[in-house]
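A short write-up of the structure that comes next.
The values are calculated or read from the model by the stated rules, or taken from the named source; none is laboratory data. Keep in mind the model is a prediction, meaning the values are calculated, not measured. For neighbour counting, all protein chains shown are included, and Cβ atoms are generated from backbone atoms with ideal geometry for every residue, glycine included.
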């Protein structure tokens, strides 16, 4: 079986390739924003679920109106006088 190429066949094939290219280009301009919006909504839902799960895991079980102190402040907050020597700097022009 011998295949022969004709000018008409090559031109027709190039026309098909160019037509498919432009059809894909036009369809991508129409459907790309829709696909991006869909992907953004899915990611937003996923991040929201992860955030809610993390918040639920971090919140301790408390009764409403109960006062909870997470950390007691230390009483030895006196300033440390042995921090070093004070040096006064002057700006030289």
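Within the bounds of region 65-73, is there any residue that is exposed (fewer than 10 other Cβ atoms within 10 Å of the Cβ), modelled with pLDDT under 95 and outside any loop (DSSP other than H, G, I, E, B)? Among the residues of region 65-73, not one is exposed (fewer than 10 other Cβ atoms within 10 Å of the Cβ), modelled with pLDDT under 95 and outside any loop (DSSP other than H, G, I, E, B), which makes the answer no.
Residues 89, 21, 16: which one is modelled with pLDDT under 90 and more than 27 Å from the chain's Cα centre (by Cα)?
On the way: 21 fails: modelled with pLDDT under 90; 16 fails: modelled with pLDDT under 90.
It is 89.
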